[in-house]
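Each remark here refers to the structure printed beneath this line.
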Amino acid sequence: MSDNRILIALIVGLVLLIGLIVKTKIHTFLALIISALFIGVAGGMPYEEVIKSVTDGFGGTLGSIGIIIGFGVMMGQLFEISNAAKRMALTFIKIFGKGREDLAMAITGFLVSIPIYCDSGFIILFPVAKALSKNTRKSVITLGLALASGLVITHTLVPPTPGPVGAAGIFGANVGAVILWGIVIAIPMVLATLLYARYYGKKVYQLPDENGDWIRPEIQEESKIVDYKLDENEKMPSATIAFLPIIVPIILILINTIIGALSKVKGFEIKGILSTFVFLGTPIVAVGIGLVIAIITLTKNMSRDKVIKELEIGIQSAGIIILVTGGGGALGKVLTESGVGSDIATSISKMKINPLLLPFIISTLIRFIQGSGTVAMLTSASISAPIVLELGVDPVFATLSACVGSIFFSYFNDSFFWVVNRSLGLTKAKEQIKGYSIISTIAWAVGFVSIVILNLLFG
């Protein structure tokens, strides 16, 4: 087929994709499939090859990723109804002590958002931040932004959250490695956003009054109250039980990754107990174990019918993400089979542009245009995977590049932007943008710098 023809088909197809997502009532999943079919047919691929690429790409991407997404959202639903997230918050507040409540909220968000959607996590945990603000006289803006940044960063970077799992599947990246490197990259992102949250909380010093309304004292009163207590009478699991479903899978996956690295050393053999740990540390098995632990430990006082119903609610929320992930895989497969991916890869290599920039730039642009971080990272992965993999980019860092790009400058078209600002009582657009919009942009910038450095050292 003509190189010019397939390139033109690609450009028109991508414009069509973004137009369908942003301007029409067509769902992202259908838009991805329509664009994949259009690019293949308009680019001159035989009809039967187009259909085969779409179906193979859809099925191949979801081979194992769909299971992890399903397990992850079910676990998150159990965290939500059992108050495990609140127990984590109280635990970290006790550990870090007075004066570091914002750090406690950021770390709580950091862990909670691994299995829970960040919107739900913020709604569940914000009452804790509000109570802390009332008792400590620390600005609720600082506490709320610290919580929001911790939530959104791991939601964006660390599986089994559906977005990064789906991107990993499209790039063919090892999910365990994405989890571990995602956590490494997330740490400096959280620290940078925490510093800004502290700064902005002093600029906009806001507290809840006795009636729960917002007040802005002229004199900042932080740390005047020496001691405080939060309501622990609400039914919630112990700290050990709350953390166990998250910690166990991460440890198992870490062991699997270490054994995998050692297996490349000459003379090292994986057998006996090591092969068992490799099996248990496979992301599907590890996350499945975490889900079983959550069911056993977090639902002791719930009826079987209630637990099954809640798990099914989680599965329903996973369905759309699974379809969008599969649609992204279908588009990526068409780009690979058409040959346009390798053509563009050759052009980029001649221009000597760092190919790691490609998924980051595409994801950033799509995020800014249509607001959804998940759609941005999955669409970016679909478009860039055939190109960057051809250029030898590590699939793990390519995945994380697309994920970090999707956190760029949250504003009015992002649902989480409204969840955070409505909860914080910020109604002026200027204050909203200077708060969470800047926080998300700081995370975006620090995240990409971290990826570039790690890719130079380990990629």
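The values are calculated or read from the model by the stated rules, or taken from the named source; none is laboratory data. All values reported here derive from a predicted model rather than from experimental measurement. Methodologically, a virtual Cβ is constructed for each residue, glycine included, from the backbone with ideal geometry; neighbour enumeration extends over all protein chains shown. Remember, those area values only see protein heavy atoms, side chains included, never the ligands or the DNA or RNA. Shrake-Rupley method; radii C 1.70, N 1.55, O 1.52, S 1.80 Å.
Can you give the convex hull volume of the alpha carbon atoms of the chain per residue, in Å³?
For the chain, the hull spanned by Cα atoms encloses 163 Å³ per residue.
Using all Cα-Cα distances in the range 61-316, what percent lands in each 5 angstrom bin from 0 up to the longest?
Histogram of Cα-Cα distances, whole percents per bin: 1, 6, 13, 16, 17, 14, 12, 9, 6, 3, 2, 1, 0, 0.
Tell me, what is the per residue accessible area of the range 337-458 in Å², probe radius 1.4 Å?
Value returned for the range 337-458: 38 Å² of accessible area per residue.
Can you pull the percent of Cα pairs in the range 337-458 with separation above 27 Å?
25
With a cut-off of 8 Å between alpha carbons and a minimum separation of six or more residues, what is the relative contact order of the range 61-316 in percent?
Relative contact order here is 28 percent.
Taking only the C-alpha atoms, wrap a convex hull around the range 32-187 and report its volume per residue in Å³ as a whole number.
On the way: hull volume 19.3 nm³, N = 156.
That works out to 124 Å³ per residue.
What part of the accessible area of the chain, given as a whole %, is carbon or sulfur when the probe is 1.4 angstrom?
Here it works out to 64 percent.
How far is helix 438-458 tilted off the main Cα axis of the chain, in degrees rounded to 10, range 0 to 90?
Roughly 50 degrees between the two axes.
Highest mean first, how do 452-458, 116-122 rank when packing is the count of other Cβ atoms within 10 Å averaged over residues?
Order by mean packing, descending: 116-122, 452-458.
Separation between the Ile453 and Asn4 pseudo-spin-labels, each 7 Å from Cα along Cα→Cβ, expressed in nm?
Between Ile453 and Asn4, the label points sit 4.7 nm apart.
So which trypsin sites (Lys or Arg not before Pro) in the range 385-438 are both in a DSSP loop and have at most 12 other Cβ atoms within 10 Å of their Cβ? Mind showing how you got there, number by number?
Numbers: sites: Arg422, Lys428, Lys430, Lys434; in loops: Lys428.
Here the sparse-neighbourhood loop sites are Lys428.
Just order 277-284, 288-295 by mean Cβ neighbour count inside 10 Å, highest at the front, would you?
The most tightly packed comes first, giving 288-295, 277-284.
Could you give me the ³J(HN,Hα) list for the range 200-207, computed from phi with Karplus coefficients 6.51, -1.76, 1.60 and θ = phi - 60°, whole Hz, x at Gly and Pro?
Ordered by residue, 3J(HN,Hα) equals 6, x, 7, 5, 10, 8, 10, 9 Hz.
Over the range 178-329, what relative contact order in percent results from Cα pairs under 8 Å that are six or more residues apart? The partial results should precede the final answer.
Working: 72 pairs, mean separation 26.8, N = 152.
Relative contact order here is 18 percent.
What list of ³J(HN,Hα) values in whole Hz, one per residue of the range 140-152 in order, does the Karplus curve 6.51 cos²θ - 1.76 cosθ + 1.60 (θ = phi - 60°) give from phi, with Gly and Pro shown as x?
With the stated coefficients, the range 140-152 comes to 5, 5, 4, 5, x, 5, 4, 5, 4, 5, x, 5, 6 Hz.
If you take every residue apart from Leu111 with its C-beta less than 13 Å away from the C-beta of Leu111, what net charge results, scoring Lys and Arg +1 and Asp and Glu -1?
+2
Counting Lys and Arg as +1 and Asp and Glu as -1, each charge on the Cβ, what is the dipole of the chain about the Cα centre in debye, to the nearest 20?
760
Go through the range 8-55 and name the trypsin sites (Lys or Arg not before Pro) that are in a DSSP coil and have 10 or fewer other Cβ atoms within 10 Å of their Cβ.
Lys25
Work out, step by step, the length gained on full extension between Leu191 and Lys94: first 0.36 nm times the residue separation, then minus their alpha carbon distance; give nm to one decimal.
Here the segment from Leu191 to Lys94 would lengthen by 33.0 nm.
For the range 61-316, with every protein chain kept in place, what is the accessible area per residue (1.4 Å probe, Å²)?
42
Starting at the first residue of the range 74-82, write each ³J(HN,Hα) from the Karplus equation 6.51 cos²θ - 1.76 cosθ + 1.60 with θ = phi - 60°, in whole Hz, x for Gly and Pro.
Whole-Hz 3J(HN,Hα) from phi for the range 74-82: 5, 4, x, 5, 5, 4, 5, 8, 9.
With an 8 Å cut-off on Cα pairs and a minimum separation of 6 or more residues, tell me the relative contact order of the range 337-458 in percent. Spell out each step's value before the answer.
On the way: 148 pairs, mean separation 33.5, N = 122.
So the answer I get is 27 percent.
Could you calculate the contour length gain from Arg422 to Thr240, that is, 0.36 nm times the residue separation minus the distance between their Cα atoms, to one decimal place in nm?
Length gained, Arg422 through Thr240: 62.3 nm.
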